[in-house]
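Written out below as structure tokens is the structure these notes cover.
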Amino acid sequence: MEGRLARAGLRIWVAGVLLFLFVPIAIICFYAFNSSNVQSWPIQGLSVKWFSVAWHDPQVRAAFVLSLKAGLFATAVALLLGSAAAFGVHRFRFFGREAVSLLLVLPLSLPGIITGIALNSAFNFSGIGLSLFTIIIGHATFCIVVVYNNVLARLRRTSRNLEEASADLGANPLQTFRYVTFPAIRTALLAGGLLAFALSFDEIIVTTFTAGSGKETLPIWILQNYSRPNQGPIVNAVGLFAVLLSIMPVYLAQRLTGEEAVTQASTGAATTTH
């Protein structure tokens with residue numbers, strides 16, 4: 001009896017948390033199809049005209065392109081530096097290694113406004129004008145953490161025996177990395193890259209301090225236009241698009257890491273059996 005009550009209570013609690021998290025997002029998505037430019041409940045009718053209006057708005061398209069560029073370049077920087085840092089921390093023993101690992105993860109835990117102010121001050125002190133380049137640098141500071149954590153976790157779960165066997169068979173380090181190491185970590189790299197892009201595409205606080213005048217990413221455009229008269233339906237349509245574009249990389253990253261975990265478990269079980 002107590003077990004059934006506990007399960008029922010847990011289900012109710014989980015349902016309540018999910019409703020708390022996703023009902024506001026569902027309302028915004030529903031309002032995107034409102035035929036009227038007045039946000040009232042119940043809505044007067046359903047229409048998809050605001051998606052066409054948003055798509056033909058030059059400011060929306062420019063903001064989307066800027067967010068896409070910043071996300072792709074920040075992800076590329078994060079993949080390069082994050083994976084290199086993961087290999088360095090995992091493969092080498094040196095004084096202060098744990099401190100370095102903590103410093104690499106710290107940007108993701110710091111408040112975004114602190115990171116934004118620090119980067120803005122650094123750029124001003126260095127005489128670097130705010131532009132797409134500074135946005136990419138700002139986004140890369142926390143995107144690196146995602147890639148670093150994914151690659152480091154995969155390296156810790158991957159045995160070095162295969163690399164040693166490859167070297168014993170005469171493969172040079174480049175061949176070992178190409179045929180042994182990279183296949184073992186590629187899903188972690190891809191998952192980390194997808195998550196990094198999702199974080200970059202949605203980022204707004206750090207972007208506010210690193211974007212120059214006239215530089216609006218899609219989240220900044222949404223923030224600046226949400227309270228303007230008659231812009232609500234367009235903002236809702238753009239918000240629905242941003243939600244869908246953010247969900248896709250997260251979903252793909254989850255599928256990649258989940259399938260890899262299943263594959264490793266099957267391989268481990270087969271190895272144990274034999």
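Computed values, structure above
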read-out	value
Residues whose placed amide H lies under 5 Å from that of residue 34, excluding near-sequence neighbours	47
Contact order normalised by residue count of the chain, Cα under 8 Å, 6+ apart, percent	29
Residue-normalised accessible area of the chain, expressed per residue, 1.4 Å probe, Å²	60
Carbon/sulfur fraction of accessible area - the stretch 102-200, other protein chains in place, 1.4 Å, %	68
Computed over the stretch 1-114: relative contact order in percent, which uses C-alpha pairs under 8 Å that are six or more apart	10
The stretch 133-219 - convex hull of the alpha-carbon atoms, volume per residue in Å³	94
For the stretch 203-219, 3J(HN,Hα) per residue [Karplus equation, 6.51 cos²θ - 1.76 cosθ + 1.60, θ = phi - 60°, Hz, x = Gly/Pro]	5, 9, 6, 4, 4, 4, 8, 10, 8, x, 5, x, 9, 10, 7, 4, x
Charge dipole (debye, nearest 20) of the stretch 37-123; +1 at Cβ of Lys and Arg, -1 at Cβ of Asp and Glu	220
Cα pair count fraction exceeding 24 Å, expressed as % - the chain	63
Backbone HN-Hα couplings from phi across the stretch 53-66 [Karplus 6.51/-1.76/1.60, Hz, Gly and Pro as x]	4, 5, 5, 8, 7, x, 5, 5, 5, 5, 5, 5, 4, 5
Magnitude of the charge dipole, the chain, Cβ model with Lys/Arg +1 and Asp/Glu -1, debye to 20	180
Dipole of the chain, positive direction: furthest Cα of 189, 170, 217, with charges on the beta-carbon	170
Of the trypsin sites (Lys or Arg not before Pro) in the stretch 153-229, those whose Cβ has at most 14 other Cβ within 10 Å and which sit in DSSP loop	160
Phi-based couplings in Hz for the stretch 68-84 (Karplus 6.51, -1.76, 1.60; Gly and Pro marked x)	5, 4, 4, x, 5, 5, 5, 5, 4, 4, 5, 5, 5, 6, x, 5, 4
Helical mean residue ellipticity (222 nm; -39500 (n - 2.57) per DSSP H run of 4+; nearest 500) of the chain	-26500 deg cm²/dmol
Placed amide H near residue 131: partners under 5 Å, 5+ positions off or other chain	212
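The values are calculated or read from the model by the stated rules, or taken from the named source; none is laboratory data. The structure presented is a predicted model; accordingly, all values stated were derived computationally and were not measured. Using ideal geometry, Cβ is built from the backbone for each residue, glycine included, and neighbour counts are taken over all protein chains shown. Calculation scope for accessible area: heavy atoms of the full protein, side chains included, ligands and nucleic acids excluded. Shrake-Rupley method; radii C 1.70, N 1.55, O 1.52, S 1.80 Å.
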